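What follows is a single structure, written as structure tokens, with notes after it.
The values are calculated or read from the model by the stated rules, or taken from the named source; none is laboratory data. Note that the structure is predicted; figures quoted are calculated from it, not measured. All Cβ positions, glycine included, derive from the backbone under ideal geometry; neighbour counts span all protein chains shown.
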Amino acid sequence: MRRRKLTKERFGKLEPQLLSDVVFRNLGSPNPAVKVGPRGGFDNAVVSIGAGKSLILTSDPMSMIPAIGMKKSAWLSLHHLVSDFTTTGLKPEFAVFDFNLPTELSTNQLKAYFQALGDRGEDSRSLEGGSSSASPEMEGTLTPRWLHEAMR
């Protein structure tokens, strides 16, 4: 059996045909509330929440990069994700983060990172919840999700 490559290069986005053949075919039963679901090259979803309103969601893995400093790393993480969301033309309002952190991370590094995430000036985004864990095998992966309630 021929082994199929996941990406064109050593790392990067999954091949579109692989997404179609393997991932998109195995996402469970369709839900009529999903107005815009998974598709290649688009990281957002739109779900009807009733009363003529929709919830727009996006999720993207990011990395905490201590080598560039925690403040810059937080800025990069935040803007990497927000750039995907802004393709909707709307402003992200709520965030849920899943932090999988290395145990080697110091309390001061973690504090600096979260202070930088929270230092958004007049921006109305807010961190609403999420999950956190630490393991020696983790390299600082963050999986945030932005949400925005919008009229259909």
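Some points to look at:
- Only residues that are closer than 23 Å to residue 40 by Cα and either in contact (Cβ under 8 Å) with a residue 24 or more places away in the chain or of a type in the set (A, V, I, L, M) (or both) were counted in the range 77-94, giving 11.
- Strands (runs of 3 or more DSSP E) enclosed by the range 80-152 - at least 1 residues per element that are within 20 Å of residue 68 (Cα to Cα) and at pLDDT 60 or above: 94-101
- Within the range 36-62, the set of residues being exposed (fewer than 14 other Cβ atoms within 10 Å of the Cβ) and touching a Ser or Thr at 6+ places or on another chain (Cβ under 6 Å) comprises 61 only.
- Inter-residue pairs, beta-carbon under 9 Å, first at positive phi and in the range 34-46, second not in a loop (DSSP other than H, G, I, E, B), 6+ apart: 41/16
- Checking residue 74 against (1) of a type outside the set (D, E, K, R); (2) modelled with pLDDT under 75; (3) out of contact with any strand residue (DSSP E or B) (no Cβ under 8 Å at 6 or more places or on another chain), the condition it does not meet: (2)
- Check on residue 49, farther than 29 Å from residue 15 by Cα, in contact (Cβ under 8 Å) with a residue 12 or more places away in the chain, in a strand (DSSP E or B) and of a type in the set (Val, Ile, Thr): yes
- The range 52-75, subset among the aliphatic types (A, V, I, L, M) and not in a helix (DSSP H, G or I), residue nearest to the chain's Cα centre (by Cα): 62
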